[in-house]
1. For the range 218-250, give me each residue that is surrounded by fewer than 20 Cβ atoms within 10 Å (Cβ to Cβ) and more than 21 Å from H186 (Cα to Cα).
2. Does V100 count as touching a helix residue (DSSP H, G or I) at 6+ places or on another chain (Cβ under 8 Å), surrounded by fewer than 16 Cβ atoms within 10 Å (Cβ to Cβ), on the phi < 0 side of the Ramachandran plot and not charged (D, E, K, R)?
3. Of the residues F61, F6, F65, F55, which single one is of a type in the set (F, W, Y), within 30 Å of D163 (Cα to Cα), modelled with pLDDT under 90 and more than 17 Å from the chain's Cα centre (by Cα)?
4. Quick one: in the range 179-206, which of the residues that are under 13 Å from the mean Cα position of the chain (by Cα) and over 30 Å from G232 (Cα atoms) is surrounded by the most Cβ atoms within 10 Å (Cβ to Cβ)?
5. Quick one: which strands (runs of 3 or more DSSP E) sit completely within the range 75-185 and have at least 1 residues that are closer than 30 Å to R37 by Cα and at pLDDT 95 or above?
Amino acid sequence: MNIRIFSAAVVLVIVGGFVASPASAEEEPKKHESPRRFFLEAKFSPYRPAIDSEFGNATPFKDVFGGGQFLMTQVEFEYEIWNKVGIIGIGAVLGYSRLVGTGINPVTLEEATDKTAMNVMPLAIHMLYKFDYLAQRYKVPLVPHVKAGFDYWIWWIENGTGDVASVPGSSEGSVRKGYGGTWGGHVSLGIAFLLDFIAPSMAQTFDVDVGVNNSYLFFEYTWAWINDFGVGNSMNLSAGMFVGGIAFEF
């Protein structure tokens, strides 16, 4: 008798579970997801311009700034034109790098006691594509991307007192100021890791409270050809750079 009562109770629990499940699923609130329209990225990379490549066997840049790398910091803002199967967008970049070295006396060509610095400020616009379909649809946390665009990099050189440096010009009595700008282009290939995959509840709170839909850590390699497209005599700021950073989609 007891076995019959126990068996009937088990059947009632199982049947009740199947009946109650659809109602529970309907009552469960949907995941909040804010609109996706923009990306904001902060990225960092080592940087060394190809200035010496224009001088044959001479190495004026290495003589002044040494053979090491310098830090390039960039901020990128992107607008998503289309985000159905991946993201197509446009982006704008502002960067800065300060290269510090030891000055050279322009008369004796010997190392001076004063320090000098070269400041480089990249400006760029580009088109981009990010394949986030698998991340959005199937929760695969890897998002590859490609970017390509045009650049204008501003540069200026400081003397030992912090003023813009100057050197004698080609004609008698003339002076050449140490500042200018160089046109060029760039291509970037990279991959991003969706941080929401690690802490989904924290990502949900971040979205509700701040409006950040997704957060990423990313790495990319950038080929930057900053040489006025090979036309004329310009400061060659070209470089290949491994870039890493963090991105927020909102």
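The values are calculated or read from the model by the stated rules, or taken from the named source; none is laboratory data. Bear in mind the structure is a predicted one, so any value in this text is a computation, not a measurement. Don't worry about glycine lacking a Cβ; one is built from the backbone with ideal geometry, like all the others, and counts go over all protein chains shown.
1. F248, F250
2. yes
3. Going through F61, F6, F65, F55 in turn, just one is of a type in the set (F, W, Y), within 30 Å of D163 (Cα to Cα), modelled with pLDDT under 90 and more than 17 Å from the chain's Cα centre (by Cα): F55.
4. A192
5. 87-104, 111-130, 142-158
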